[in-house]
Each structure stands twice: as C-alpha cells, then as structure tokens.
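Reading through the structure tokens given below for one structure.
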Amino acid sequence: MEMNLYPWQESCLKRWFENHGRGMVQAATGAGKTRLALAAAYRLQETLPCELKVKIVVPTGALMRQWNQALREFPAAVPKGGENLNGRNGAEPDARGGIDMRGGIGMWDDIGMRGSGFKTPADRRYMIYVINSARYELARQIISDLKSGSAVLLIADECHRYESGQNRLIFEFLPHIEKYRERFFSLGLSATLPGGQAYSYLASVLGKRIYTYGMARAAALQNIAPYEIFHISLSFEAEEAASYQEMTERMNVLYRNLLRPFPILRNMNQKERFELLRSLAGDKDRRIAETASLYIKLSYKRTSLVCLASARLNCACRLIELLPPDEKILVFGERVSQAEELYRLLEKRYPGRAGRYHSRMGQQANRNALERFSNGEIRILIACRALDEGLDVPDASIGIVLSGTSVQRQRVQRRGRILRKREGKRASLY
C-alpha cells in the first residue's frame, strides 16, 4: 500500500523502528511530520498481534482539528468498511484485487477528540487531546488501555511544549507501566527541540532524538516551498527614541548596582540572568529586591516600547500595498492591541478582506477566520502567537512579522507557516 513518503520520512521511520518505536524527530515545519507520524502508526499496527491505540497530544484546539482532518485523509488504513489484510479494521481489496484508498486512516467512529469543546468518549482507536485536557486524563487512559491488552502509541506534537510545569502530568503513567513496556511506543515531533535539561527530560519520557531534518536540507530537496527572507530596518519616532534611551540608561545603572554583590550575572545568558533576577526580587535584603524588581519592570516596559513602535504598523500597511494583490498574507504579532489596530487600518483600505485570530476572539470566531482565510474569502489574516505553531495554511505564501520575540524557536515556527509546499508556490517572509 503506497504512502508516497519522502526519502527522509522512510529513513526516519527505519530509525524509529530500530529504536523499538521510541524517539523524537526534529524536522522543518512543512516538511511532513504529521504524515510521518501517521505512517508510523499504520506500519506499527501491521507488526502487532494486538490492537494499537494511538494517543495524539497537541497544544491547541486548531491543531487538534487539523490532526483530525489529517487522519481522515491519510490514504493507508481504514477506508470503506471491512477488514484489512491482517484481519483488523482496514482497507479492503476492490473488484480488481487492489486496495480501496478512498477513505482515510480514521473512518466512522475511529477518531475521538478531547478538549477545546470536544468530549468524545476516550475508547476510540485514535484519540486527539489538547494538552489542557490531556494533563488530567491521558495517563489514566493509557494505563487502562495497556491493562486491557492493547498496545499504545503516544504521539507528542510540538513536544518541546511538554517538558515543564503542569504539562509534565501527561507522562505520569510511565512509572506504572513497566510490565507493559513492550506494548508502549512514543514519537515526539518538533521543529525546534530544546537543549540542556529540557531535552534530557523529554528524552527520558519519549526517547532520544533519532532524526534531524533541517530547513536547509528540506529546501535543497524541494520538500518545502522555495523562500526568501527580507529584513526591514525601522526607526523610532523621536519621543519613542527618547523613552528608550532613558530606560536603557536607568537599567544600566541598576545592573551595575547588582553586579557588585552578584558578579555571576556577567557570565549568564539572558534566560539565566532573568531567572536569577526574579529570585533576587524576593530577596530579604530590601535594597537588592527593589533593584532587581525595578530592572525587570523597566526591561518589560522597554520590550513593549520596541514591540509597539508606531513605525511597525505604518510599514506593514505600506508593504501590503506593494505586494501582489492575489497573494495570501499571514501577519504575526505579539500584542492583541497591536493586531486590532492593524486590523482596523486594513479593514478601511481593504473592506472585508482582512481578518484576525487571537485569544480574545473566542474559539468559534477564530475557527471562522481560519475557514474564511482558507477558502479565499479574506486575503490577510492577522494573528498573535496563536498561529506560531503547527497550523497548516498551505495557501499562505507571504508572512509579515509585525512584532516578535528574540526567541529562535518563534522565528522558525513563524517561517514554517508559509513554507508548506504547493505547485508553483514561492514564499516570502518580511
């Protein structure tokens, strides 16, 4: 049964099976991680004498719906009723002796969803969980499936999100399944796996990194759309520049005052430095606590000034005027207020052709915006972080980063949103 996988996917699957069905994959956004995972599930089931239960964990409701669609369209498992070649629910030979591939991996009642308003019974062969729901029920359900004699494959999409805080609760089952280890499998997916302690933890629960497929290699092999990146330099307004300079000078004084008792600050990276500063903000020494607190406050205020600089909106509007009128555009921002302001400006210039997608819109409104963007009713979609990860929007060929963080992961994720391959497509990121 042909799955039409890329060579990198075949090579990756080979390594995954050699590692006993455990491991993490770091692959460029748009290169085919979802299809890789579904092929792994299908091929794994073919090797097992028992039923395989597949648990897929995602960070958002939008990604849950995307996985649901991918399951229904995947051409290799459960088409039109009947048993597959090894006696389980699957594809059925047609009149010519071939396989009826019109269905997908999950037909009829095979797929369930939990979270973001969905509460399907958890006994489906393929269960998709939003992380907020998975924290409190996934571990219990995995243990139950293993005890009942099924095998379990846990697919952790955007797995870099699950190494900290409450999200670790999804792995609570691990100490309780030793006797069922031979029937438990795992696959972590990410475009940007973390390093250090975060990686060590993920490797301990999902398995080590078994394959890396970077952006440069994906582009060279034409597995993603060809793309160009344009960096646009902007200037503060005079008043903004003065405020930035004033805050910077105050922060420099505070930093020097903290360096004297804590010279270790000099040798830390930004993340480590802020972790120490947050702990110092609660120090018993009132002077140290106030100095650290004020430094943190000024830092956030200065970052906000950069993020909301007025030149960003003016530049985005002018840029959109110059871009081809038939190209779909994704605009990425950091602040809802900024996204709303840009939306108002664009709605005046292009009535009915712009939309927005962010946390204050509500699930149904966001779903409607994505649908309108996908079917071409709107041409410009403005998002605040919510579209940074995972979402498949193959028609979008232009990305504009209105504002963002300095985090490399965010840059990679946003670039990936416009790199889904499509015939004749060329992508541009500004």
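The values are calculated or read from the model by the stated rules, or taken from the named source; none is laboratory data. The shown structure was predicted, so the numbers you read here are calculated from the model rather than taken from an experiment. Every residue, glycine among them, receives a Cβ derived from its backbone with ideal geometry; neighbour counts consider all protein chains shown. Note: areas computed on protein heavy atoms with side chains; ligands, DNA, RNA excluded. Shrake-Rupley method; radii C 1.70, N 1.55, O 1.52, S 1.80 Å.
Structural remarks
- Å² of accessible area per residue within the chain, as computed with a 1.4 Å probe and no ligands counted: 48
- Measuring nothing but how far apart in sequence close Cα pairs (under 8 Å, 6+ apart) lie, relative to its length, the chain scores a relative contact order of 17 percent.
- Taking every DSSP bridge with both residues inside the chain, close to 10 percent are antiparallel.
- Between the Cα long axis of helix 61-73 and the first principal axis of the chain there is an angle of about 30°, rounded to the nearest 10.
- Solvent-accessible area, 1.4 Å probe, carbon plus sulfur percent, for the stretch 266-393: 48
- Ranked by solvent-accessible area (1.4 Å probe, protein heavy atoms only, all chains present), the residues HIS160, HIS20, HIS231, HIS176 order from largest to smallest as HIS231, HIS20, HIS176, HIS160.
- With Cα atoms, 0 to 90° folded angle of helix 7-18 axis to the chain main axis: 70
- Proximal lysines to LYS208, defined as alpha-carbon separation beneath 24 angstrom and excluding residues fewer than eight positions away on the same chain: LYS14, LYS33, LYS53, LYS55, LYS179
- In terms of accessible area, using a 1.4 Å probe and ignoring ligands and nucleic acids, PHE274, PHE74 rank largest first as PHE274, PHE74.
- Cα centroid of the stretch 1-33 to Cα centroid of the stretch 140-175, whole Å: 21
- Taking every protein chain into account, the 1.4 Å probe leaves THR34 with about 40 Å² of accessible area, to the nearest ten.
- Per-residue surface analysis assigns ILE131 an accessible area of about 10 Å², computed on protein heavy atoms at 1.4 Å probe radius.
- Within a Gaussian network of the chain (alpha carbon springs, distance under 10 Å), most fluctuating of GLY362, GLY196, GLY352: GLY196
- Sorted peptide list for 37-43, 121-127, 373-379, criterion being average Cβ within 10 angstrom, highest first: 37-43, 121-127, 373-379
- Rounded FRET efficiency, nearest 0.05, which uses the C-beta distance separating LEU5 from GLU377 and R0 of 41 Å: 0.75
- For ASP326, the accessible area of its heavy atoms, probed at 1.4 Å with every protein chain present, is near 120 square angstrom.
- The stretch 218-367 - percent relative contact order, Cα under 8 Å, separation 6 or more: 19
- Crossing angle, helix 238-259 versus the chain [Cα axis fit, 0-90 degrees, rounded to tens]: 80
- Against the empirical 2.2 N^0.38 Å (N residues), the chain has a Cα radius of gyration ratio of 1.10.
- Between the stretch 53-68 and the stretch 256-324, the alpha-carbon center distance in angstrom: 35
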